[in-house]
Structure formats: structure tokens, C-alpha cells
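Read-outs: derived from the displayed coordinates by stated rules, not from any lab. None of the values given here were measured: they were computed from a predicted structure. In this analysis, Cβ positions are derived from the backbone assuming ideal geometry, glycine residues included, and neighbour counts consider all displayed protein chains.
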Amino acid sequence: MLIDGGVRLNGEVRISGAKNAAVAIIPAVLLVEGKCRIENIPDIKDVDSIIDILIYLGADVQKISNDIMEIDASPVKSFSADCDMVRSMRASYYLLGALLGRFGSAHVRMPGGCNFGERPIDQHIKGFESLGAKVIKTNDIVMANSDGLTASSIYLDVVSVGATINIMLAASRAKGITTIENAAKEPHVVDVANFLNAMGAHVIGAGTDSIRIIGTDKMSGGTYSIIPDQIEAGTFMVAAAATGGDVTVLNVIPKHMESLSAKLIEAGAEVFEMDDAIRVVGGESIKNVNVKTMPYPGFPTDLQPQIVTLLCMANGTSRVTEGVWASRFQYIDELRRMGADIVLAGNSAIITGVPRLSGAKVNATDLRAGAGLVIAGLMGEGTTHIYNLQHIDRGYENIEAKLISLGAKIKRVAYNRTAAVNA
Ligand code: EPU
């Protein structure tokens, strides 16, 4: 991707459906006997991957339009997702909860996804075991077997989005009432619960740290529309502030954006909330701020690279502390290539603002790091070349088309392996 920086973004951009809700809701269809019509599905590679896995398992998938699919998982007969496709994405761990709920057993290859340090699934396994499954995990595969799941009380030792959703999936079809304490409260946790309830499950309390799931024998089909993507919206909001632009993001839930809006205002931008839109007007200069990422309603870790990038050109020194992942600063070297002054101190990035970033050849090291580099390219002087776009494509729908509609000078060119390796 080639970006000529220095343009103030201006206009309106429509946010797609939430990736991290979609990649859980689509496998959750396995719990349902009947047709599920799912609307507002983002057109991204991670969705393609999970759909391919469902088709491999035997589900009937009809694409109705760009963002609507009808999926009937009734024909699925196997609880074994022992295929290489599973390794292409992290969220394939949701196949465990969904297949376990449907069949009482699940065999799933270990998932892949973005690499930022160890990504354990011990809390998922603790939940499945508590529901009565015997779980064997090797480096390559997780095998959970039971004669039928029985409800239980589960306290999560860490606040985990994935474990909360996975246990909700399995427990939806268990016998009795399951409780999850210290549950994650992210918007996509609530969205998955709403989807399950729309299909006949009984999930109560999603969005608080205590969730109750009354198991049911049967879930039948229905229609559901996925919420807007909090992180895509946040990425465009930061891009607006970073370029001193004036951008209205449409199809957002402003409540989900509160932690970011507060930080952008501290950094000198103006933020106007409407019913389902937010307008961000960048200031003449960027003020330094401190940020710590935390589970929702804290500042999202998935917006950490974007806010770090913004602060590269702030007046003064900012500290951004990563409070969720052990290692999520691999992209810092790429920003340094563009002239950023960043020092790592433990789990914090100390960012001393510089007057300008300059275009350079950089590698997207993971999905959100890639989004940060796109923002850096928009802020920078000259041309930035971003390689490894497959990371960005996993989670952003038409990112360059959306940016072009806001005035950005950005284009995708043929992949050049030698240039990428040397970048
Ligand atoms: N953790 C454990 N044990 C577990 C599970 C998690 O110790 O069994 C720890 C993790 O190591 C981490 C923390 O708990 O330190 C939070 O992990 P969580 O389980 O919440 O993360 P996840 O479910 O694997 C989802 C998103 C990530 C996002 C995190 C945190 C999906 C598919 N992925 O991952 O999104 O960073 O929640 O909000 O929903 C992204 O979209 O770019 C992305 C990486």
C-alpha cells in the first residue's frame, strides 16, 4: 500500500459490522438447528476463513448480499474441525464452544491469528471442564469430550473475551443454569449474547461481570444484525485527529467509543456525539496524553497502536501502557523508521513527540499495528510503503476505498516480495 501523507481527512465514512462479534456469531450458528439470517457482516478475510470452515463442516451458507448471509448448520454431522484452515485465525477457538454445545464433543486444531506473545486458552478449558468435558490439549489440537454438558459456576481468573464467549456458547445447550463470574464486558460479548437469545438461548447479564446462562435443548433459526465495529470506528476517529481533519463516522454506537473520545479530547481534538454517528475535528496541534489499555469499558488494546501513532507528533511526552497483552509493541521499530521517538519501558511506550514523521518502507506486523502504520502514513511527509497487508485485510473492510473517500492519497499495488523482505 502506498500512502502520500499530509492530507487532512474530510467527509463521512460508514463503519462495517464488528469483526470480533462476527467471528463468534458465525460459528455460534452451529448451536442452532434452523436457518440463521445474519446481517451487517463485515467483508473481511477473517469472516471468509470462518465461513470456509463452516462449509467444510457441512453447513449450508448462502450469501444474500455483500453483508447478509443465511447459514443453516443443521446438516453438520461432525464435531471435528481438524483442518488447516482453522490455523489461519485466532477466533477459530469459538468452534470449541459451539461444537461442544451442539454435540457434547469438539476436536479443533489450535488456532493462529495475530502474534503478540503467549495467547493461552486455559480459561476456556477451565470453563469446558467445569461443564463436564474432559479436555486434552496438545500443541496441535484441543479435544474436548463429554456425554453431555451440565451447568456449572465458573469464575474466570483473568477477564477474557474469548473464554467468556466460548463458555456462553457451550453453556447455552448445557443442562441447568451456568454462571460466569468476572466475565468480559466488551460490546461484542453482549452482541453474541443477543444473537444467542434471538436464536432461542437464555443468556442474562451480558455486559456486566456476572452472566447467567439457562441451558436449552433446542435453538432454532432467526434474523440478527451485528453491531458496528468499535475498533474500525476508533481507527477512523484517530485518523481524523491525526491529520487535523474533520470526519464523521456513521453507523457507530457512541457509548462504545467513550474511552477513546475522552482521550482524543484530552489530545486537543473536538468530538461531537450524535445518535449513531460521531464527528471528530482535529486540533491545530496534538497534546501529549497518557493512556493505559484495559478490558472494556477501559481503553481498548486494539486501539493501542493507533493512539501511539497519533502521539508520535504530540507536543511533549506521552506514556502508553499495555494492560492486556504481554507483548504488543512489535510495530514500534516500524514507527521509528518513520522518525518516531519511542522508548519501551517494560509494558509502556514512552513517546516523545516529533515535529514530523517521514514516509518509509514499513511492515504491518499484525492487524492493529497495520492500522497504526496506515495512520502514520497519512500523517507523514512523503510516501509510506506498507507491506504485509494480509494482516490488515483480516479485519478492515475496504480500508483504502474508505480512506480515499475522505481524501486520502492511498493505493494498493502488486505485492513485491523482495521489497517487503527488505523493508
Ligand atoms: N488470557 C489468559 N487465559 C485465557 C485467555 C486469555 O490468560 O484462557 C489472557 C490473555 O493472555 C490476555 C488477556 O487474558 O492477556 C485477554 O485475552 P482475551 O481472551 O480477552 O483475548 P482474546 O479473546 O483472545 C479478543 C480479541 C482481540 C482483543 C482481545 C482483548 C477476538 C477474536 N479477538 O482476543 O482482538 O485484543 O480480545 O480485547 O475477539 C484484534 O481484533 O486485533 C484482536 C487481537
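Values as computed for the structure displayed
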quantity: Residue-by-residue Karplus 3J(HN,Hα) for segment 246-254, coefficients 6.51, -1.76, 1.60, Hz, glycine and proline x; calculated: 9, 10, 10, 8, 9, 6, 10, 10, x
quantity: At least 15 Å along the helix axis (C-alpha) and Kyte average at least 1.0, DSSP helices within the chain; calculated: 45-57, 161-172, 230-242, 367-379
quantity: Flagged links, alpha-carbon separation over 31 Å, of 45/409; 77/137; 63/292; calculated: 63/292
quantity: Shape category assigned to segment 19-225 from the gyration tensor of Cα positions, a/c cut at 1.5; calculated: rounded
quantity: At most 12 other Cβ within 10 Å, DSSP loop - chymotrypsin sites (Phe, Trp or Tyr not before Pro), segment 33-103; calculated: none
quantity: Pairwise label distance in nanometres, residue 223 with residue 80, each label 7 Å out on the Cα-Cβ vector; calculated: 3.9
quantity: Relative contact order computed over the chain (Cα-Cα under 8 Å; 6+ residues apart), in percent; calculated: 19
quantity: Long-range HN-HN contacts of residue 40 with modeled amide H, under 5 Å; calculated: 226
quantity: Among 170, 184, 349, residue whose mean-square fluctuation peaks in a GNM of the chain (springs only between Cα atoms under 10 Å); calculated: 349
quantity: Under the Karplus curve 6.51 cos²θ - 1.76 cosθ + 1.60, θ = phi - 60°, whole-Hz ³J(HN,Hα) for segment 219-227, x wherever Gly or Pro sits; calculated: 10, 10, x, x, 10, 8, 10, 6, 5
quantity: Three-way shape label, segment 1-142, alpha-carbon gyration tensor, a/c 1.5; calculated: oblate
quantity: DSSP beta bridge pairing in segment 19-225, given as percent antiparallel to the nearest 5; calculated: 70
quantity: Segment 1-82: trypsin sites (Lys or Arg not before Pro) in DSSP loop, at most 11 other beta carbons within 10 Å; calculated: 77
quantity: Segment 219-345: equivalent-ellipsoid semi-axes (sqrt of 5 x gyration tensor eigenvalues, Cα, Å); calculated: 27, 19, 12
quantity: Rotationally averaged projected area of the chain (alpha carbon convex hull; nm²); calculated: 18.3
quantity: In Hz, Karplus ³J(HN,Hα) per residue of segment 270-279 (6.51, -1.76, 1.60; θ = phi - 60°; x = Gly, Pro); calculated: 9, 10, 10, 9, 10, 4, 10, 8, 9, 9
quantity: Residue among 150, 164, 235 with the largest mean-square fluctuation in a Gaussian network model of the chain, springs linking Cα atoms under 10 Å; calculated: 150
quantity: For segment 315-375: rounded, prolate or oblate by the Cα gyration tensor [a/c cutoff 1.5]; calculated: oblate
quantity: Amide H contacts of residue 382 (H built 1.01 Å from N, under 5 Å, at least 5 apart or other chain); calculated: 5, 359
quantity: Gaussian network model of the chain, Cα within-10 Å springs - most flexible of 213, 165, 204; calculated: 204
quantity: Segment 19-225, relative contact order [Cα under 8 Å, separation at least 6], %; calculated: 21
quantity: Amide hydrogen neighbours beyond the local backbone of residue 141, cut-off 5 Å, H modeled; calculated: 110
quantity: Inter-probe distance in nm under a simple model that places probes 7 Å from Cα toward Cβ, at residue 55 and residue 290; calculated: 5.1
quantity: Cα-only radius of gyration and Dmax that characterise segment 76-181, units Å; calculated: 12.7, 37
